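I have placed the structure first, in the form of structure tokens, so that the comments after it can refer back to it.
The values are calculated or read from the model by the stated rules, or taken from the named source; none is laboratory data. Keep in mind it's a predicted model, so treat the numbers as computed, not measured. Note that we place each Cβ from the backbone using ideal geometry, even for glycine, and neighbour counts take in every protein chain shown.
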Amino acid sequence: MTQSPPPSPPPSKVSRRPRRPALINPWLFLGLSTGMAIAILGGGLWLLQKFALRSVDQAEGNKELVEEDTAIDPEERFTLPDTSAPLTTELLPSIAVEEPNGNAVIEVQKIWKYRYNVALLPNWTYSIELDSLIAGVKQQAEDLGLPVAAMSVVLIDLNQGAIAYYQPEVPQYPASVAKLFWMVALYGQFQQGLLNEADFQAPLQLMVQRSDNNATSTIIDAITRTKFQAKGSPAAYQAWYLQRQQLNQFFSLAGYQNLNITQKTYPIPDIEIEEPTGFDLQMRYDPLAPDQPIRNQMSAWHAARMMYEIATQQAIAPEASKKMLQLLRRDLTKNWQTTTNYFNPVQDFFGADLPPETILYSKAGWTTQGRHEVAYIASADGKQQYILSIFADHKDYAENRTFFPTAASFIHKRIGTSQPEVRPSSQN
């Protein structure tokens with residue numbers, strides 16, 4: 001299954017976009033690595049990751065990108081293939097990984113019954129008004145001396161059923177925005193009867209509301225049936241790796257292509273690990289680019305789509321979506337400026353300059369090399385309801401504490417104030 005891109009802007013527009021390396025479908029990779037697991041034993045494990053997703057890192061020192069004029073195809077479709085039939089096929093066949101000496105067989109445990117449930121997208125239109133708002137955000141970045149080319153923006157007006165975007169599908173390291181997907185995956189396990197929801201209330205709140213890495217590590221281990229391993233046999237690593245890859249598979253089969261969320265966030269104080277080590281370090285190695293580790297990757301479009309599906313109560317199940325929204329709620333009426341010893345999801349992010357009565361559901365991520373956020377934002381009267389996703393994988397955005405709040409405020413003051421001019425996308 002292929003991921004359809006967001007709907008085309010008016011066909012008269014031409015965009016200048018850097019050409020980036022093509023990325024391999026995680027489902028294709030899983031199939032290849034499964035075959036290799038049976039055929040290749042002992043040495044040569046590095047081949048399993050030869051076809052893995054490579055993180056496209058926009059930090060300084062990246063490979064030179066070649067620009068080209070790309071005429072946007074007006075016949076592009078936004079809808080994914082129809083997969084509304086009941087999901088009854090198990091995702092992964094039974095696999096047994098043997099040791100080189102043939103004395104041990106390690107089973108690869110299937111961690112899902114079904115894939116993620118949403119695969120059909122709405123009949124959105126591309127909005128000229130929303131596009132002008134994104135142009136304003138880009139101008140703000142330029143005025144601050146920030147590299148506009150390192151930023152991606154997706155804006156969806158839920159009231160108008162309209163969308164606009166800038167570089168929506170560029171993969172970036174998402175930092176803690178990945179926790180949005182781990183939350184959804186965990187609720188998927190609850191829905192499929194694979195884990196007990198009552199056992200995870202505390203770590204869920206810590207992961208989503210405080211971006212706690214200890215809780216996140218616990219949740220990833222529970223979902224994938226893996227745990228930290230400092231070392232192990234080649235077969236043990238193969239089995240561990242394939243179970244982690246099923247995190248990607250859950251979403252990729254519903255059209256979330258080029259998404260990689262298999263790696264934990266660091267540091268993890270509870271197990272005294274400051275950075276990836278053991279199997280977690282081994283899975284980051286790319287023999288084609290040893291100095292560029294494979295990392296988690298996500299696009300602003302991935303995040304916007306997922307937040308939309310949660311906001312519209314489609315993700316996993318309506319009741320599950322409602323619970324996830326409550327975990328993502330940021331109360332702007334409280335004194336969020338109080339110093340805390342945990343990640344503050346409002347300060348220096350979208351909510352900082354929004355009116356206190358604004359309804360905000362968000363997930364933010366920050367590293368020294370980038371700043372990212374996706375949010376569902378609504379006015380108290382419901383006249384404004386929209387999804388805003390901004391990914392900025394560059395240290396200048398990480399260091400700038402005003403751009404994200406200013407950008408969100410700029411959009412909030414203007415969106416929904418007039419009937420937008422829209423042009424139908426090419427979908428039927």
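For the stretch 153-174, the set of residues classified as under 13 Å from F391 (Cβ atoms), touching a Pro at 6+ places or on another chain (Cβ under 6 Å) and not in a loop (DSSP other than H, G, I, E, B) consists of V154, Y165, listed by residue number.
I want to confirm something. Restricting to the stretch 235-261 and keeping residues that are assigned to a loop (DSSP other than H, G, I, E, B) and under 11 Å from the mean Cα position of the chain (by Cα), which single residue is nearest to V108 (Cα to Cα)?
Step by step, filter the stretch 235-261, then rank; the result is I261.
Scanning the stretch 219-233 for any residue that is outside any helix (DSSP H, G or I), in contact (Cβ under 8 Å) with a residue 60 or more places away in the chain, within 23 Å of A311 (Cβ to Cβ) and of a type in the set (S, T, Y) turns up nothing. Tallying residues that are touching a strand residue (DSSP E or B) at 6+ places or on another chain (Cβ under 9 Å) and at pLDDT 90 or above within the stretch 94-127 yields 4. I need the full set of residues from the stretch 322-344 which are free of Cβ contacts under 8 Å to residues at least 60 places away in the same chain and under 17 Å from the mean Cα position of the chain (by Cα), in order please. The answer is L325, and nothing else. Picking from residues in the stretch 375-417 that are among the aliphatic types (A, V, I, L, M) and surrounded by fewer than 21 Cβ atoms within 10 Å (Cβ to Cβ), the one that is modelled with the lowest pLDDT is A380.
For the stretch 252-277, a tally of residues being touching a Phe, Trp or Tyr at 6+ places or on another chain (Cβ under 7 Å) and at pLDDT 95 or above returns 2.
Among the residues of the stretch 251-281, those identified as aliphatic (A, V, I, L, M), touching a helix residue (DSSP H, G or I) at 6+ places or on another chain (Cβ under 8 Å) and touching a residue at least 60 places away in the same chain (Cβ under 8 Å) are L253, L259, I261. One residue stands out in the stretch 168-203 among those that are charged (D, E, K, R) and crowded, with 18+ Cβ neighbours inside 10 Å: the one that is nearest to the chain's Cα centre (by Cα), namely K179.
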